[in-house]
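Here the structure is laid out as structure tokens; the discussion comes afterwards.
The values are calculated or read from the model by the stated rules, or taken from the named source; none is laboratory data. Everything numeric here is computed off the predicted structure, so don't read it as measured data. Every residue, glycine as well, gets a Cβ built from its backbone with ideal geometry; the counts of neighbours run over all protein chains shown.
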């Protein structure tokens, strides 16, 4: 399927990284319990330093903790990022991303919406995803109306 999520007025990070599920999961770990605008620069710097699951898995934990320490929960996040990256490489997860360490409903919903385009079968609870989900409903409802003309 050739799915490219439409750009919304919310400019979510996931809209930019929809083609890389691993980055979606990293993003969600960063945004969990942290405002997106606070987490975003640390997300991009982490991806710049460790651009693949293998690179992040092999990252020096002290370097990762030092980088993300201003966000709080840096040891927990570091552990989650490394373990999720290991699982991403080594587990069968595409049908159920919640088998990945640190991936819960929020990240699974983001994966289904942004990577798979399966947004019609998702009922998000996260505020940003709810907003984007509502945007998609309206966006595609309007597109369908235009196509019917």
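Considering the stretch 27-49 alone, what residues qualify as being free of Cβ contacts under 8 Å to residues at least 12 places away in the same chain and in a loop (DSSP other than H, G, I, E, B)? Lay out the reasoning, then the answer.
The first filter runs over the stretch 27-49 and keeps only residues free of Cβ contacts under 8 Å to residues at least 12 places away in the same chain, leaving 35, 37, 41, 44, 48.
The answer is 35, and nothing else.
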Q) So is residue 23 surrounded by fewer than 13 Cβ atoms within 10 Å (Cβ to Cβ) and closer than 26 Å to residue 117 by Cβ or not? A) no
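Is it the case that residue 63 is exposed (fewer than 13 other Cβ atoms within 10 Å of the Cβ), modelled with pLDDT of 95 or more and not in a helix (DSSP H, G or I)?
Values: exposed (fewer than 13 other Cβ atoms within 10 Å of the Cβ): yes; modelled with pLDDT of 95 or more: yes; not in a helix (DSSP H, G or I): no.
Taking the combined requirement at face value, the residue does not satisfy it.
Within the stretch 61-84, can you find the residues that are closer than 22 Å to residue 35 by Cα and free of Cβ contacts under 8 Å to residues at least 24 places away in the same chain?
To start, the set of residues in the stretch 61-84 that are closer than 22 Å to residue 35 by Cα comprises 64-82, 84.
Once the filter is applied, which keeps residues that are closer than 22 Å to residue 35 by Cα and free of Cβ contacts under 8 Å to residues at least 24 places away in the same chain, the stretch 61-84 yields 64, 65, 66, 69, 74, 75, 76, 78, 79.
I'm checking my understanding of the structure. Among residues of the stretch 66-101 that are assigned to a loop (DSSP other than H, G, I, E, B) and modelled with pLDDT under 95, which one is nearest to residue 122 (Cα to Cα)? Give the steps one after another, and end with the answer.
To start, the set of residues in the stretch 66-101 that are assigned to a loop (DSSP other than H, G, I, E, B) comprises 72-73, 91-96, 100-101.
Keeping just the survivors that are modelled with pLDDT under 95 gives 72-73, 94-95.
Working: 72: 30, 73: 29, 94: 16, 95: 14 Å.
Per the stated criteria, the residue is 95.
From 87, 126, grab the single residue that is free of Cβ contacts under 8 Å to residues at least 24 places away in the same chain, in contact with a helix residue (DSSP H, G or I) (Cβ under 6 Å, 6 or more places away or on another chain) and either within 20 Å of residue 9 (Cα to Cα) or surrounded by 15 or more Cβ atoms within 10 Å (Cβ to Cβ) (or both). Let's see the steps before the verdict.
Working: 87 fails: in contact with a helix residue (DSSP H, G or I) (Cβ under 6 Å, 6 or more places away or on another chain).
One residue alone meets the criteria, 126.
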Q.
Based on this model, can you work out whether residue 4 counts as over 19 Å from residue 123 (Cα atoms), in a helix (DSSP H, G or I) and free of Cβ contacts under 8 Å to residues at least 60 places away in the same chain?
A. no
